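Have a look at the structure below, then the notes.
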Amino acid sequence: ASPGALLSVRNLQGWYGESHVLHGIDFDVREGEVVTLLGRNGAGKTTTLLAIMGILAKRKGSITFDGRETIALPARAIARAGIAFCPEERGIFASLSVEENLMLPPRVREGGLTVEQVFELFPNLRERLSSQGTKLSGGEQQMLAIGRILRTGAKLLLLDEPTEGLAPVIVQQIGHTIARLKREGFTIVLVEQNFRFAASVADRHYVVEQGRVIDTIPNSELDANVEKLHGYLGV
Ligand code: ATP
């Protein structure tokens, strides 16, 4: 682990059954940072988040969080240690109301937000309090999904493509939300395909290709590396 990192991932390997998809993922996140995992479809970004969360059953290497090795811990112990995952599909319950969705997540640690605090963070959710999950717009669903993981008390948030399928103005709102979470001290790992969005919120970018981190780009150097990134991402 590197000194000062809240999360350190070293030589992370991962498999789906016999299929070896992570071949050595390495990256670090310090407390309060936002980093992205960028890369093409199928590069292994989502799988990396699943491995960190302990959901990917077959994994090897080292993951230290808050000074503790977590590679062999079960998912519930990792959640209790303070990591939460917001999947690309968002994981909200379509038939339940906004409020019910917010009541469900277990508060696994001290410091989990109350339902009221989630509404302070996302005032439009309060207005939709009794709306069913399915009646929400894509942006509202994403806010609800993030609100749910904030209830748990996690301090490291793993967000899988939160802007997927959202209109530009909503993407901007999600950007403000992430900036606010960062100011409040949360640490965030973001999987993104939306390069502009990534640039607007992150401190650093890790490029993932075929199950490896092949490049690290500080956000301040992103502009100078646009061509290279386009090559990596195939855009
Ligand atoms: P995407 O944006 O498409 O989600 P990604 O970088 O997140 O891309 P992963 O979803 O991590 O990529 O996929 C990495 C590799 O693992 C891909 O080759 C994918 O086909 C494979 N894979 C993903 N999920 C499974 C699964 N449940 N079973 C078997 N292989 C899988």
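What is the Rg over Rh value, at two decimals, for the stretch 1-91, using alpha-carbon atoms and the Kirkwood definition of Rh?
Ratio of gyration radius to Kirkwood radius for the stretch 1-91: 0.93.
Divide by every residue of the chain the summed helix terms, -39500 (n - 2.57) for each DSSP H run of at least 4, and state the resulting mean residue ellipticity at 222 nm, rounded to the nearest 500 deg cm²/dmol.
-9500 deg cm²/dmol, from helical runs alone.
For the stretch 117-175, with every protein chain kept in place, what is the accessible area per residue (1.4 Å probe, Å²)?
For the stretch 117-175, the solvent-accessible area averages 38 Å² per residue.
Need one number: convex hull volume per residue for the stretch 177-235, Cα atoms only, in Å³.
Cα-based convex hull of the stretch 177-235, divided per residue, equals 87 Å³.
Could you give the alpha-carbon Rg of the stretch 91-134 over 2.2 N^0.38 Å, rounded to two decimals?
1.14
Taking the Cα centroid of the stretch 147-174 and of the stretch 56-120, what is the distance between the two, rounded to the nearest whole Å?
Computed from Cα coordinates, the inter-centre distance equals 13 Å.
Would you work out the charge dipole size for the stretch 81-235 about its Cα centre, treating the Cβ of every Lys and Arg as +1 and the Cβ of every Asp and Glu as -1, and quote it to the nearest 20 debye?
Computed about the Cα centre, the dipole is about 360 debye.
Just to check I understand the Karplus step: with θ = phi - 60° and J = 6.51 cos²θ - 1.76 cosθ + 1.60, what whole-Hz values come out for the stretch 43-50, glycine and proline as x?
Result, rounded to whole Hz: 5, x, 5, 4, 4, 4, 5, 5.
Give me the one-decimal nm value for the distance between modelled label points at T216 and V169, 7 Å along each residue's Cα-to-Cβ direction.
4.0
Take the Cα coordinates of the stretch 140-216, assign each an equal point scatterer, and use the Debye formula without solvent to give log10 I(q)/I(0) at q = 0.23, 0.24 Å⁻¹.
Taken in order of the listed q values, log10 I(q)/I(0) reads -1.17, -1.25.
Considering the Cα positions of the stretch 14-170, please state its Rg to one decimal place and its Dmax as a whole number of Å.
16.3, 48
When N counts the residues of the stretch 99-178, how does its alpha-carbon radius of gyration compare numerically with 2.2 N^0.38 Å, as a ratio?
Ratio of Rg to 2.2 N^0.38 Å for the stretch 99-178: 1.04.
Can you work out ³J(HN,Hα) from phi for every residue in the stretch 185-202, in order, using Karplus 6.51 cos²θ - 1.76 cosθ + 1.60 and θ = phi - 60°, giving whole Hz and x for Gly and Pro?
Using θ = phi - 60°, the values come out as x, 6, 10, 9, 10, 10, 8, 9, 10, 7, 4, 4, 4, 3, 5, 7, 10, 9 Hz.
Given all pairs of different Cα atoms, what value in angstroms does the Kirkwood hydrodynamic radius of the stretch 90-235 take?
Taking the inverse mean of 1/r over all distinct Cα pairs, the stretch 90-235 comes out at 16.4 Å.
Roughly how large, in nm² to one decimal, is the mean projection of the convex hull of the alpha-carbon atoms in the stretch 68-122?
One quarter of the hull surface, i.e. the mean projection, equals 5.0 nm².
If I compute solvent accessible area with a 1.4 Å probe over the protein chains, what percent of it on the stretch 164-235 is carbon and sulfur?
48
Cβ neighbours within 10 Å, averaged per peptide: list 37-47, 183-193, 57-67 in order, most packed at the top.
37-47, 183-193, 57-67
Using Cα pairs under 8 angstrom and six or more residues apart, how large is the relative contact order of the chain, in percent?
27
Quick check: the angle from helix 168-183's long axis to the longest principal axis of the chain, C-alpha only, nearest 10 degrees?
With both axes taken from Cα atoms, the answer is about 80 degrees.
Go through the stretch 85-90 residue by residue and turn each phi into a ³J(HN,Hα) via Karplus (6.51, -1.76, 1.60, θ = phi - 60°); whole Hz please, and just put x for glycine and proline.
These are the phi-based 3J(HN,Hα) values: 10, 10, x, 4, 7, 6 Hz.
Can you pull the Kirkwood radius for the stretch 26-69, inverse mean 1/r over Cα pairs, to one decimal in Å?
Result for the stretch 26-69 stands at 11.9 Å.
At a Cα cut-off below 26 Å, give the lysines reachable from K228, other chains included and same-chain residues fewer than 8 away excluded.
K45
How much space per residue, in cubic angstrom, does the convex hull of the C-alpha atoms of the stretch 110-150 take up?
63
The values are calculated or read from the model by the stated rules, or taken from the named source; none is laboratory data. All values derive from a computational prediction rather than experimental measurement. Reconstructed Cβ throughout: ideal geometry from the backbone, glycine too, with neighbour counts over all protein chains shown. To get the accessible areas, we keep the full protein, side chains included, count just its heavy atoms, and leave off ligands, DNA and RNA. Shrake-Rupley method; radii C 1.70, N 1.55, O 1.52, S 1.80 Å.
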